[in-house]
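Reviewing the structure listed below.
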Amino acid sequence: MKIIKTAGLLVLLLFVIVFPMLFSNPAVTTIAVFTLMFAAATTGWNIFSGYSGYIALGHGAYFGLGAYTLAIMCQRWNIPGGYLPFLLVPVAGLVAAAFSVVLGWIALRVRRHTFVVITIAMFFILQLLAYNLKGLTNGSTGLGLPIPTDWSGDFFNIPFYYVTLAILLVAIAISWWVRNSKYGLGLLAIRDDEDRALGLGVKTGPSKLSAFVISALIVGMVGATWAYFVESIYPPTAFDATFDVAVALMAFLGGLGTIAGPLLGALLLEPTQQYFTLQFSQNGYYLVIYGALFLVILLLLPQGIIPTLRMRWGKYQATRHQRQPEGENDHTISTLPGQGDSASVTRKEGINL
Amino acid sequence: MERGLIVGIIVEAIITGILTGGVYALMASGLTLVFGVMDIINVGQGALVILGAYLSFFLEQKLHIDLFVGLLITMPVMFGLGLLIEWLFIRPIKRDRTMLSILVTFGVALIIEGFLNIIFSADNVKLQAWYITASFPIGGFYLSYIYVFGFLLAVLLLGGLYFLLYRTKFGYGLRASMQNRIAAELIGVDVERVSMITFGIGVALAAAGGMAFGATNAFNAGSAYDLISRLLAIIIFGGMGSLRGALIASVGMLVVEDVTSVVWSPVWASTVFFILLVIILLVRPQGLFGQVEGRKQ
C-alpha cells in the first residue's frame, strides 16, 4: 500500500515537472503558474490556520508585502529583468515574515472571532499604507518591475513555473514536516482545546507565533514571484481582499488541516476562477458566479473534500470488516455525519495525506 | 485670530465627526448585535449598506420618492432580505459557525457587489435631495442639513432599538440568547426565530445607514470594502458584541478621522484611527467593552 502511494506521488511529481513541455501554449501555462502560486500560498496559510485552528483572513497583507518588497528592491537597486530578481524572492519573503512577527504578536493576544477580525483590520491597514506612503510605494500609480526582455513569448512563463513549483515543494515539505512532528501535534492540540494544550505543556504562544511567521514567509515569497510575473503592482491588486478569502476557501474546499487538501482546493478553484475571468470580462457577472460557487461549496461540503472522502472510505472499510473489528476503525465509525466534528481529522493520526 | 481660526476648524471637525459617527453607529450596531446573538460575523454588512444606498438611489431617481420617506420601503425590504439570507445561508451552517459564517457572508457580499456592478455600473453616484445641497450657518461655518437629519435618524432608530431590546418581551429573549444560547432555549426562547429576526434587524439598520452614507459620500459597489473594514475596526474597538462600545467607537472614529484630516491630511485620516486601534488592542485585547473570551465548553 505504501509503495503504491509513493509511486503514485512520484508519477504525479514527474507529471508536474514535465507539464510545461506537454502543454506549451502560453495561455495554459499562465493558468498553471497561477494555480501553483495559489497552491503554495494556500499550503502556507494552512500551516498556520489549518493546523492551529486560528483562521487568519489577512494573509493578503503578507502577499502584498512580499510583492512590494521585491518591487522596491528592484527599483532602488536597478536590478535588470532576468533571473536575478528570483534570487531576491526569499529576501522579500523574509521581510514579510519580519512584519508578521510584530503583527502576529499583536493579533495572537486574542482568540477566535476577535482574532479573525483583527487580521482583516491589519490587512486593510497595510493596504492603506500602500496607498499613502507615496515616497516608497508610489501610491495608487503603482510600481513596475523589471521586464525580462530576452525571454520570448513562449518561454516567458517557464522560469516562473519552475520557481513557483520550487516554492510549492518547499511549502509542502514544511507542511509535511509540521504535520508529522511534535511541534505540529502541539498546534493540533491548540486547535482542539487551547487551554488543555497549555495545561499539558504545549508552549502555545511560541507555537502559534512561529507557525504564523512560517505561513507569512511562504505567502510573502509567493507574493514576490507574483509581482515579478505580472510586472506591475498597485495597492488593490497586491493587497487584494479577495486573496484573503480565496486561500481560506481553497483550504476549506480541499480540507482544512490536511496536506493534500489545500493543493486539491487550489487545483479545482484557481483554473475555474481564471476561466470565469476570461469568459466574463465584465466584472459583475464574474463576481456573481464566483460568489454563488463559493456558497454552494461551503453549504454542500462544509468539511472539505479530503475529510469527506476519508470519512466515506472509513465507513466503507468499517462495513466490510464488520466481523473482524479493527481498533483503528473504531473512531471512524463514530464520526458519522452530524456526529463528528472538524477535530476528527486530528484524532486519526494514521493517515496524513 | 490665527489661533481662533484653528480652534474653529477643529470644533467644526468634531461636530461633523459626531454627526456622521451617529450614522456609522447605525451600521455598526447591526453588525455587533448579530455577532452578540448569533456568534457570527457578517462581513457582508458593507455590501448590504451599499445595497441600501442604491435602493434609496433607485427610488429617488426613478420614482422621485424622498430619501427619508423611501426608508419606509427600503428598510422593510432589506429586513426581508436579511431573513432570507439567514434562512438560506446562515442557518444551514451546523459546525464551525464563526469561520463558515464569515466565508458565507463574504460570498453573499460578492454576489451583491456583482449584481450592483451589472445594474448600476461601476461609476460613482451620489444621492440627491434639497437637504443635501442646502446648508445652514452654525457658529462661523456652514453645515449641510443632511448631517443633522442623518444624525436624528440614527438617534431615532437607535432609540427604537434600545426600546426593543430593553422594554419588550422579544428584547428579553434576544438578550437572553446573547448571554447564553442554551439556557435561553431551556427557558423557552425560540433562539432560531430570535436569530433570524436579529439578522433582519441588522440588515434593516444597514439600509438606513446606507441611505445616510450615500447622501454624504459618493459611492459605487466597490465602496463596500472600505466600509466593512471601518465597521469591523469599530466593533473591535468597542468590544465585539457590545452595543454601547459600537456607539462610542463609531463617534470616536469619525471624530479622530475628521480632526486628523483638518489638522494634518485627509490621506492619513483612517490610518491614524487604525493606529489607535492597534494601541488599544495592545492594552485591552478585548476592546473597550468586550468580554474576555474564556474557555468555551
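Where a number appears in this text, it was derived from the coordinates with a stated rule and is not lab data. In this text the structure is predicted, and so the values were computed from the model without any measurement. We place every Cβ from the backbone using ideal geometry, glycine too, and count neighbours over all the protein chains shown.
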Net charge contributed by nearby residues that have their C-beta within less than 15 Å of B:Tyr162 (K/R +1, D/E -1): +3
Percentage relative contact order, chain B, counting C-alpha pairs under 8 Å, at least six apart: 36 percent
Built amide H within the under 5 Å cut-off of B:Leu143, gap 5+: B:Phe136, B:Ile138
J(HN,Hα) series, the range A:189-194, from Karplus relation 6.51 cos²θ - 1.76 cosθ + 1.60, nearest Hz, glycine and proline x: 5, 4, 4, 6, 6, 5
Among B:69-79, A:71-81, the order from most to least packed when residues are scored by Cβ within 10 Å on average: B:69-79, A:71-81
Linear extension gain, B:Val77 paired with B:Thr133, 0.36 nm per residue minus alpha-carbon span: 17.4 nm
With Cα atoms, 0 to 90° folded angle of helix B:191-216 axis to chain B main axis: 10 degrees
Residues with amide H under 5 Å from that of A:Ser232, placed H, sequence gap 5 or more: A:Leu145
Peptides ranked, highest mean first, by Cβ atoms within 10 Å: ranges A:235-243, A:87-95: A:235-243, A:87-95
Ranked list, fewest to most other Cβ atoms within 10 Å of each Cβ, for A:His113, A:His321: A:His321, A:His113
Stretch gain in nm, segment B:Phe58-B:Asn217, where the contour uses 0.36 nm per residue and the Cα spacing is subtracted: 55.6 nm
Packing-based exposure ordering (other Cβ within 10 Å, fewest first) of A:Asp192, B:Asp39: A:Asp192, B:Asp39
Cβ-based exposure ranking for B:Trp268, A:Trp313, A:Trp226, in which fewest neighbours within 10 Å come first: A:Trp313, B:Trp268, A:Trp226
Förster radius 25 Å - calculated FRET efficiency between B:Tyr142 and B:Asp66, Cβ distance, rounded to 0.05: 0.65
Kirkwood Rh, Cα atoms: Rg over Rh of the protein assembly as shown: 0.98
For peptides A:120-126, A:204-210, sequence by mean Cβ density within 10 Å, most packed first: A:120-126, A:204-210
Inter-chain shielding of A:188-199 (mean C-beta neighbours from other protein chains, 10 Å cut-off): 1
Hz values of 3J(HN,Hα) by residue in the range A:43-48 - Karplus curve (6.51, -1.76, 1.60), Gly and Pro given as x: 4, x, 4, 5, 4, 8
Local electrostatic count at A:Ser207 - Lys and Arg +1, Asp and Glu -1, tallied over other residues with Cβ under 13 Å: +3
A:Asp192-B:Arg244 pseudo-label distance in nm [points 7 Å out on the Cα-to-Cβ vector]: 4.0 nm
Charge sum, other residues only, whose C-beta stays under 14 Å from B:Leu110's C-beta, Lys/Arg counted +1 and Asp/Glu -1: -3
FRET efficiency, 1/(1 + (r/R0)^6) with R0 41 Å, evaluated for A:Val230 and B:Glu185 via beta carbons: 0.20
In order through the range A:215-229: 3J(HN,Hα) via Karplus (6.51 cos²θ - 1.76 cosθ + 1.60), integer Hz, x for Gly, Pro: 5, 5, 4, 5, 4, x, 5, 4, x, 5, 4, 4, 4, 5, 5
FRET efficiency for B:Lys94 and A:Asp154, using Cβ-Cβ distance with R0 set to 41 Å, rounded to 0.05: 0.25
